[in-house]
Number of protein chains: 2
Amino acid sequence: MKKIILLFCLSIVFISCETNKKPLNSENNFTSKNSEFAIVIHGGAGTILKKNMTPEKEAVYRAKLEEAIKTGYKILEEGGSSLDAVTKTINIMEDSPLFNAGKGSVFTNAETNELDASIMDGKTLNAGASAGTTTVKNPIDLARAIMENSPHVMLSGKGADTFAAEQGLELVDTSYFYTENRFNSLKRAKERDSIELDHDDKKVGFYDAEINNFKFGTVGCVALDKNGNLAAGTSTGGMTNKRWGRIGDAPIIGSGTYANNATCAVSSTGWGEYFIRAQVAHDISALMEYKGLSLKEAARTVIHDKVAKLGGDGGIVAVDKNGNMVFEFNTAGMYRASMNDNGELVVDIYEQH
Amino acid sequence: MKKIILLFCLSIVFISCETNKKPLNSENNFTSKNSEFAIVIHGGAGTILKKNMTPEKEAVYRAKLEEAIKTGYKILEEGGSSLDAVTKTINIMEDSPLFNAGKGSVFTNAETNELDASIMDGKTLNAGASAGTTTVKNPIDLARAIMENSPHVMLSGKGADTFAAEQGLELVDTSYFYTENRFNSLKRAKERDSIELDHDDKKVGFYDAEINNFKFGTVGCVALDKNGNLAAGTSTGGMTNKRWGRIGDAPIIGSGTYANNATCAVSSTGWGEYFIRAQVAHDISALMEYKGLSLKEAARTVIHDKVAKLGGDGGIVAVDKNGNMVFEFNTAGMYRASMNDNGELVVDIYEQH
């Protein structure tokens, strides 16, 4: 009898201790199913409202998002690397005037275009970033060249343009980045700036009337390839009317971009200052690695709790080492798309349902 | 009898579950005692060997470290803020030619001096950073002005110099940053560069013959004030012979500098590229917050495990919300000092014992 009681006691001890462990991992229930390879992109988050969009314009955005993601998907499907998928997918968006990156970059206060980009390799934790270039057609290519062909992680300004030239990357005349649309946004931002400067509204200068609110157009891509390697990349023109050589989160490793085969790959788009302060991309990875959260839970915590608490807004796309994909944003919309290894395509713009 | 057995069983369940929880917090045994306020500084890590140092030179370094830390200590003792202590302490080191920051900044490949700095407020998670300024006497003051008087976190290049001028910060002629010592280091680096370029040695160009090895002089300070607020700051001239507008970890929030009242304040000094890739400053905070490690354990993990595994070297100084102070480096030495609320002063240069 005593033995039975002892056995019973030990069983309870064992069971309750196992139960006790659970809370640590209870959020590891991935909601989406695993995928051998996967790709997720964004074309910027902001107050993108359906009422301000024409069906024609929406169709153009959707088509470009689809073209971009299918470019990366094809690379992954054929066994290519996540780094290649990220680079080539971002190239498509950089070459389009629709997004605030490459060709469609916004204007600075000085009526110039200063572009930022970064990329990270989850396998090696190598990274490359460039800030404030003015002649590089595809900044994500420069970020990658910095990662692969220099002893540095981050280059900036004229020096970064010089390095791009030495690397044989495609350079363009600064006029290449002129689009009427973006130039008008700058003019509106400056008008608003001069009117509202007295109100100490820190958002002043970032207003983009085109979508009736602040806009954080930035493009980004994250991918998992068939070899289990994660990569993340981000490219942007920054904020309309920016000045003083302002650098946002896009070229900051850990804020705008982060990839680690142990956890996930993340690309951010949002009010960059808050994304730096909240360490968005690395914090999502850290919550997974150290606290055992799922990618979805980690992304939610960072975007809806941490960033929102600071007063910032924006979103992220991410993929984890098991191919689980996540969109997460606290704005009205985010241009976005995803594809899994079955070729299932999701393209969306407005609020999550 | 049955009741006693049941009580016994429940006790075992309770005790064993408590024991089961322990591993999570077992490293929370702070080795140093808590301090109401505290300050820790570094003046750079590297292969600083006693055999290469004269007693006179060592005395000069020790005296300057003591002067710097006592400046911040006095502010904290009188009830001042950790932000003020960090700023004023770093000013002392920036104004000295001994350290690679401010006056003693190293030269770029183009024979210019391009300075970086950053600061973070653990209470608000506000942050400020500047990269590549050439006329600002005290870049840590600029980083603080960016944090407090601009809507941005990070400014760069000429724009950052312009902002500094608008803020009324002290500007100097670029010749202010000329020191014969540093210029000779650049010449030696260039000579070595031209000889060894064929060897694909990525360390080439960073060689500083002055201390017979690679040197990562950067200054930094972390502090906890009487109100429980943490702050961290870092200031540097970067790496000798740097080019292409290279930005290291010093002005990168989360890499060179991080402060969060929930955890700790960290300032890094090391081979910046590796400190960015390893997300050094934020990772130490994340290991404390999410994994329950002590500051010492977190710092050890990041410096000796993560950074070292990537192939990087350097160190950090840190203080946590309870006033526990940490020096941690994987180089032969690090100029460093600490003071607790009892006024106990530690000044050291070489290997930890």
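The values are calculated or read from the model by the stated rules, or taken from the named source; none is laboratory data. Computed from a predicted structure; not experimentally measured. Every residue, glycine as well, gets a Cβ built from its backbone with ideal geometry; the counts of neighbours run over all protein chains shown. Ligands, DNA and RNA are stripped out before the accessible areas are found, and what is left, the full protein with its side chains, is counted by its heavy atoms. Shrake-Rupley method; radii C 1.70, N 1.55, O 1.52, S 1.80 Å.
List of remarks:
- Filtering B:V317, B:V346, B:V326 for residues that are touching a Phe, Trp or Tyr at 6+ places or on another chain (Cβ under 6 Å) and of a type in the set (A, V, I, L, M, F, W, C) leaves a single hit, B:V317.
- Selection from segment A:328-353 of residues that are of a type in the set (A, V, I, L, M, F, W, C) and surrounded by fewer than 22 Cβ atoms within 10 Å (Cβ to Cβ): A:A332, A:L345, A:V346, A:V347, A:I349
- Identity of the residue in segment B:282-299, small (G, A, S) and more than 11 Å from every other protein chain (Cβ to nearest Cβ), that ends up surrounded by the most Cβ atoms within 10 Å (Cβ to Cβ): B:A299
- For segment A:262-277, a tally of residues being at the interface with chain B (Cβ under 8 Å from one of its Cβ atoms) and either within 14 Å of the chain's Cα centre (by Cα) or farther than 18 Å from B:T263 by Cβ (or both) returns 3.
- Test: residue in segment B:58-65 that is within 14 Å of chain A (Cβ to nearest Cβ), open to solvent by less than 50 Å² (accessible area, probe 1.4 Å), modelled with pLDDT of 50 or more and assigned to a helix (DSSP H, G or I): no
- Residues within segment B:275-299 that are in contact with a Leu (Cβ under 9 Å, 6 or more places away or on another chain) and of a type in the set (K, R), tallied: 2
- When B:N322 is tested against (1) surrounded by 20 or more Cβ atoms within 10 Å (Cβ to Cβ); (2) away from every other protein chain (no Cβ under 14 Å), only condition (1) is not met.
- Within segment A:115-131, considering residues that are open to solvent by 20 Å² or more (accessible area, probe 1.4 Å) and part of a loop (DSSP other than H, G, I, E, B), the one farthest from the other protein chains (Cβ to nearest Cβ): A:K123
- Residue, nearest to B:M334 (Cα to Cα), within segment B:300-319, restricted to residues that are open to solvent by 10 Å² or more (accessible area, probe 1.4 Å) and more than 10 Å from every other protein chain (Cβ to nearest Cβ): B:D313
- Only one of the numbered conditions (1) touching a residue at least 40 places away in the same chain (Cβ under 8 Å); (2) β-branched (V, I, T); (3) within 14 Å of another protein chain (Cβ to nearest Cβ); (4) open to solvent by 10 Å² or more (accessible area, probe 1.4 Å) is not met by B:T47, and that is (3).
- Subset of segment A:137-189 [of a type in the set (G, A, S) and open to solvent by 70 Å² or more (accessible area, probe 1.4 Å)]: A:S175
- Summed over segment B:234-261, residues that are more than 8 Å from chain A (Cβ to nearest Cβ), touching an Asp or Glu at 6+ places or on another chain (Cβ under 7 Å) and within 22 Å of B:K103 (Cα to Cα) total 8.
- In segment A:137-177, residue nearest to B:Y274 (Cα to Cα) [restricted to those that are in contact (Cβ under 8 Å) with a residue 24 or more places away in the chain, part of a loop (DSSP other than H, G, I, E, B) and away from every other protein chain (no Cβ under 14 Å)]: A:N138
- Number of the exception - A:T134 against (1) free of Cβ contacts under 8 Å to residues at least 60 places away in the same chain; (2) surrounded by fewer than 16 Cβ atoms within 10 Å (Cβ to Cβ): (2)
- The set of residues from segment A:240-277 being of a type in the set (A, V, I, L, M) and open to solvent by less than 10 Å² (accessible area, probe 1.4 Å) comprises A:I247, A:A250, A:I252, A:I253, A:A259, A:A265, A:V266, A:I276.
- Qualifying positions in segment A:196-236 - among the small types (G, A, S), surrounded by 23 or more Cβ atoms within 10 Å (Cβ to Cβ) and at pLDDT 95 or above: A:G220, A:A223, A:A231, A:A232, A:G233, A:S235
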